[in-house]
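Enquirer: Structure in structure tokens, see below.
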Amino acid sequence: MMQGEIKFVLMFRLDQHLFGFNIEDTIRVIRAIEIKSIPTDNKLIQGVIIVADEIIPVFDLRKKLLLPARELSPDDFIILFRLHDGQGAVVVDSVSGAEYVFRDENTGNLRDTEDMIIFKSLTPTDENLMFIPDPSSFMHSSEYINLISELKHYTRGSS
């Protein structure tokens, strides 16, 4: 991302932290539904949900971002996003909508990493927004294909 570049992001909260996904990667937001546990070696997989007859892996964003774990609440939301040739999902506390954000050319407090970019606060009262530029970085394409194969076998075997 270049200095001054504008991004349209879906903003959401985990605990008191504000995060954003690129709106182009977001498919939709749904209310929390049951997450089924599955046997997998991938430590970031929280389980799966089934939406419109499609099995969707749910990534544990709290674990990825080193935030404390907590139980799923009926007040939570699930964000569905594009992941390789399918979909992925994350559970979030709340979704505050989509907004334009930008890197402030005049500040030196911005830090880029492979996983996120921290922007200047949107207003003086907000915390810094942590932008997750590529949700598909949770899993490589071949890992996703293997996981989906395992899930299809698992759901066929368990029915």
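Values quoted throughout were computed directly from the atomic coordinates according to the rules given, and no laboratory measurement underlies them. Note that this is a predicted model, so its numbers are computed, not measured. Quick reminder, even Gly has a Cβ in these numbers, built from the backbone with ideal geometry, and neighbours come from all protein chains shown.
Enquirer: Given R₀ = 22 Å, what would the calculated FRET efficiency be for Lys63 paired with Val95, taking r from the Cβ atoms and rounding to 0.05? Please report the intermediate quantities before stating the final value.
Expert: Numbers: r = 20 Å, r/R0 = 0.90.
My answer for the efficiency is 0.65.
Enquirer: While we're here: Given H placed on each backbone N at 1.01 Å, which residues far from Leu18 in sequence or on other chains put an amide H within less than 5 Å of it?
Expert: Close amide H contacts, sequence-distant or interchain: Met130.
Enquirer: Neighbour counts of other C-beta atoms within 10 Å: give me Glu150, Glu54, Glu71 arranged from fewest to most. Walk me through the numbers before you get to the answer.
Expert: On the way: Glu150 15, Glu54 12, Glu71 5.
Arranged by neighbour count, lowest to highest, Glu150, Glu54, Glu71 become Glu71, Glu54, Glu150.
Enquirer: Work out the FRET efficiency for Lys36 and Gln16 from their Cβ-Cβ distance, taking R0 = 30 Å, and round it to the nearest 0.05.
Expert: 0.55
Enquirer: Which order do His140, His84 fall in if you start with the one that has the fewest other Cβ atoms within 10 Å?
Expert: Numbers: His140 11, His84 15.
Ordered by Cβ neighbours within 10 Å, fewest first: His140, His84.
Enquirer: How many nm separate the modelled label positions at Val29 and Ile50, each set 7 Å beyond the Cα in the direction of the Cβ?
Expert: In this crude label model, Val29 to Ile50 measures out at 2.7 nm.
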